[in-house]
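The values are calculated or read from the model by the stated rules, or taken from the named source; none is laboratory data. None of these values were measured; they are calculated from a predicted model. Glycine gets a Cβ as well: all are built from the backbone with ideal geometry, and neighbour counts include every protein chain shown.
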């Protein structure tokens, strides 16, 4: 078959969209695996009301922290698989030689990963919030903050996951790499939920978290792409 | 997109170390367009390493790889688009069908139609398996599916690492024919195998 005659090369965004669609489709073929982080999130956060005093006022005071630590740990669970399977089955090599910028492919992977692992956490947030005595008026802001926070974490996690591709048992190393970097997310996220519960304006934490997310998503794909290239050596 | 010169692939004095081992010791290869190279050598001679150096996955300690007159390290993504690789792993997701897998991988490079996919799958003799999940295919069928990807890739440089693994006799013959046809059509083929390649005009690079 002759090369190049009359065929249309795929554009950068079309290729990214194809990667996003395929990743999401793949996740839906294994729904059990996809639901693990959100089930973990639900279980961890319901342990707190069971183990602490069920006094609503006390629960409400600590609920932002519980929500965020739970979301952070659940997201971590899904991070290690971000590139591992693709390294092992040769997909990463195909990405590198596809003629598409690797960082854009990585960004598509980050967004797909967030869609299947971060969004379910956001969807579960009202349920968790209710069990932690968060008033319904704060659900909207909480979900928004959680969405931004998990997206930012997916971005950070991509760099971490790509950097730890070389080591076999990478999950502990990955947590050590990513958790310190995730502290600003935790601080602004929890503060935002706190303010929302108290009924005060949450513009500040929302904007700060948005800025963090944009910064992360514009830098980490490049870092992750470089790390992926190194992992192929 | 026309390259300044159409001189094919040159490997010039490539030295590669893997840890303490000096794997490639000054490898030279001149593969103008239209040539079919058989890279031979005992296990550990560096056949796969050479292919990975050419593909740009490994950086050699010395020497360079030139594609159509330009050093590949300066070409970047553009070089990747002109190259198709068939490695040990077929890059197929077990949960997707062969067709979904190939449509995605080829689709990263160019728009591909169902007609093209059908034609390529029947050419490789796995038309009836195209819509089965890849996990249900045999190793040989996976290899054929991976070859569909190479065939549709629009690449002029084919790098094939042990392409005949897991293939039956008819499969080896089919693959050999496809590789020879690609070279005859003005492409460059670099293939490593332990068995002889029964095609006319095959040149051999012996790695010690």
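Being buried (at least 16 other Cβ atoms within 10 Å of the Cβ), over 16 Å from the mean Cα position of the chain (by Cα) and within 25 Å of residue B:25 (Cβ to Cβ) narrows it down to one of B:207, B:137, so name that one. Quick ask: steps written out before the conclusion?
Working: B:137 fails: within 25 Å of residue B:25 (Cβ to Cβ).
Testing whether each residue is buried (at least 16 other Cβ atoms within 10 Å of the Cβ), over 16 Å from the mean Cα position of the chain (by Cα) and within 25 Å of residue B:25 (Cβ to Cβ) leaves just B:207.
Residue-by-condition table, conditions (1) farther than 30 Å from residue A:227 by Cα; (2) modelled with pLDDT of 90 or more:
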| position | (1), (2) |
| --- | --- |
| A:172 | no, no |
| A:178 | no, yes |
| A:187 | no, yes |
| A:190 | yes, yes |
| A:196 | yes, yes |
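Yes/no matrix, rows are residues, columns are (1) more than 14 Å from every other protein chain (Cβ to nearest Cβ); (2) modelled with pLDDT under 95; (3) closer than 20 Å to residue A:191 by Cα:
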residue	(1), (2), (3)
A:83	no, yes, no
A:103	no, no, no
A:117	yes, yes, no
A:131	yes, yes, yes
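Please tell me if residue A:57 is farther than 26 Å from residue A:160 by Cβ, more than 10 Å from chain B (Cβ to nearest Cβ), at pLDDT below 90 and not in a helix (DSSP H, G or I). Spell out how you get there, then give the answer.
Values: farther than 26 Å from residue A:160 by Cβ: yes; more than 10 Å from chain B (Cβ to nearest Cβ): yes; at pLDDT below 90: yes; not in a helix (DSSP H, G or I): no.
Here the answer is no, as residue A:57 does not meet what is asked.
Checking the structure you have, find out if any residue of region B:166-183 is touching a helix residue (DSSP H, G or I) at 6+ places or on another chain (Cβ under 9 Å) and under 23 Å from residue A:8 (Cβ atoms).
Applying the first criterion (touching a helix residue (DSSP H, G or I) at 6+ places or on another chain (Cβ under 9 Å)) to region B:166-183 yields B:166-168, B:171, B:174-175, B:178, B:182.
Add one more test, that the residue is under 23 Å from residue A:8 (Cβ atoms), and what stays is B:182.
Yes, that holds for at least one residue.
Looking at B:125, B:76, B:44, B:87, can you tell me which residue is farther than 30 Å from residue A:28 by Cβ, surrounded by fewer than 23 Cβ atoms within 10 Å (Cβ to Cβ) and in contact with a strand residue (DSSP E or B) (Cβ under 9 Å, 6 or more places away or on another chain)?
None of the other options fit; the residue is B:44.
For residue B:49, work out the one condition from (1) closer than 22 Å to residue B:144 by Cβ; (2) not in a strand (DSSP E or B) it doesn't fulfil.
Single failed check for residue B:49: (1).
Could you check, for region B:2-17, whether at least one of its residues is within 11 Å of chain A (Cβ to nearest Cβ) and touching a residue at least 40 places away in the same chain (Cβ under 8 Å)? Outline the logic, then answer.
Pass one, region B:2-17, residues within 11 Å of chain A (Cβ to nearest Cβ): B:2, B:16.
Adding the requirement that they be touching a residue at least 40 places away in the same chain (Cβ under 8 Å) leaves B:16.
Yes, some residue in region B:2-17 is within 11 Å of chain A (Cβ to nearest Cβ) and touching a residue at least 40 places away in the same chain (Cβ under 8 Å).
Within region B:47-61, can one find any residue that is more than 9 Å from every other protein chain (Cβ to nearest Cβ), buried (at least 19 other Cβ atoms within 10 Å of the Cβ) and on the phi > 0 side of the Ramachandran plot?
no
Being surrounded by 17 or more Cβ atoms within 10 Å (Cβ to Cβ) and either at pLDDT below 95 or under 17 Å from the mean Cα position of the chain (by Cα) (or both) is the requirement here; does residue A:156 meet it?
yes
Hey, among the residues in region A:11-34 that are within 26 Å of residue A:128 (Cβ to Cβ) and loosely packed, with under 15 Cβ neighbours inside 10 Å, which one's nearest to the other protein chains (Cβ to nearest Cβ)?
Going through the qualifying residues, I end up with A:30.
Evaluate region B:143-152: report whether one residue or more is part of a loop (DSSP other than H, G, I, E, B) and at pLDDT 90 or above.
Checked against the condition, which is being part of a loop (DSSP other than H, G, I, E, B) and at pLDDT 90 or above, region B:143-152 yields no hits at all.
Has region A:205-226 got any residue that is under 13 Å from the mean Cα position of the chain (by Cα), surrounded by 19 or more Cβ atoms within 10 Å (Cβ to Cβ) and not in a helix (DSSP H, G or I)?
No, region A:205-226 contains no residue that is under 13 Å from the mean Cα position of the chain (by Cα), surrounded by 19 or more Cβ atoms within 10 Å (Cβ to Cβ) and not in a helix (DSSP H, G or I).
Against the conditions (1) touching a residue at least 40 places away in the same chain (Cβ under 8 Å); (2) on the phi > 0 side of the Ramachandran plot, where does residue A:150 fall short? Just the number, please.
Single failed check for residue A:150: (2).
Starting from region B:84-110, take each residue that is within 7 Å of another protein chain (Cβ to nearest Cβ) and list its partners that are in a strand (DSSP E or B) and surrounded by 19 or more Cβ atoms within 10 Å (Cβ to Cβ), counting only C-beta distances under 6 angstrom and pairs at least six apart or across chains.
Sorted first by the residue in region B:84-110, then by its partner, the pairs are B:85/B:159; B:87/B:161.
Name the residue, out of A:88, A:93, that is free of Cβ contacts under 8 Å to residues at least 12 places away in the same chain and either within 14 Å of another protein chain (Cβ to nearest Cβ) or closer than 27 Å to residue B:53 by Cα (or both).
Step by step, each of A:88, A:93 is checked, and only A:88 is free of Cβ contacts under 8 Å to residues at least 12 places away in the same chain and either within 14 Å of another protein chain (Cβ to nearest Cβ) or closer than 27 Å to residue B:53 by Cα (or both).
Could you say whether any residue in region B:160-183 is within 12 Å of chain A (Cβ to nearest Cβ) and part of a loop (DSSP other than H, G, I, E, B)?
Scanning region B:160-183, I find no residue that is within 12 Å of chain A (Cβ to nearest Cβ) and part of a loop (DSSP other than H, G, I, E, B), so the answer is no.
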